[in-house]
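All remarks here apply to the structure that follows.
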Amino acid sequence: TFQYNVSELIKSRGNISCVIHDGKDLVIGFVQDGAVRLKATPMDSRQYEIEDLPIQGGIIELLKDQRQDILWVATDGKGILAISNDAYSYHNELFSKLDIKLSAPVRALYRDADETLWVGTKGNGIISYPRFSFSGGGSPSHVYSVNTSALSDNSVYCFTPSRRPILWIGSDGKSLNYYS
């Protein structure tokens, strides 16, 4: 375990929206001001160097891909980013380039064992992309909304898998949703 005082980061960048492990590093996303990587130093794994990630604007969600060395980033109005550790090559998939027109910010991302990318939005429900990859694109298979499914609210903020084949969905509504 380690302790790192992030008070200076919060003073300069604002509130933290999410934190995720990426190998031995920690990646911290900020509500309004991008993200930083806390890199463990080679001499002492309890010492960290701060490295800015090339992201402008607010970060809503970070997701480490289980099969590739990619960090998926849901931004507040700037689309979905995929960042690789390979000299920080990254690709920005703007909403206007997706096969489906999105007019709401992305609030949650989840990639399941079948490589379906689930995108939760603030107001447009959920869009699922089977076998999605930025290199090969991917067409949405389904849009889940209040009008087309049993989803209780179109503002979706989080996904989490269950031990059973269920995907729990957190939204703005007064109930908890799940997809099986």
For segment 147-157, Karplus couplings with θ = phi - 60° (6.51, -1.76, 1.60), whole Hz, Gly/Pro x:
7, 10, 7, 8, 4, 7, 8, 7, 9, 10, 10
Would you please name the trypsin sites (Lys or Arg not before Pro) within segment 27-82 that are DSSP coil residues with at most 16 other C-beta atoms within 10 Å of their C-beta?
Arg46, Arg67
Interchain or sequence-distant (5+) residues whose placed amide H lies within less than 5 Å of the amide H of Cys18 are Gly29
At 7 Å along Cα-to-Cβ for each site, give me the label-to-label distance between Ser175 and Asp112 in nm.
1.9 nm
Highest average packing first - 170-177, 120-127, Cβ atoms within 10 Å
120-127, 170-177
Rounded to whole Hz and in sequence order, give me ³J(HN,Hα) for segment 10-27 from the Karplus expression 6.51 cos²θ - 1.76 cosθ + 1.60, θ = phi - 60°, writing x for Gly and Pro.
5, 4, 8, 10, x, 5, 7, 9, 6, 9, 9, 7, 9, x, 8, 8, 10, 10
Counting only residues 5 or more places away or on other chains, whose amide H sits under 5 Å from the amide H of His142 once H atoms are built in the peptide plane?
Ser128
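No lab work stands behind these numbers, since they all come straight from the coordinates. Given the structure is predicted, the values throughout are model-derived calculations rather than measurements. So basically every Cβ, Gly included, is an ideal-geometry build from the backbone, and we count neighbours across all protein chains shown.
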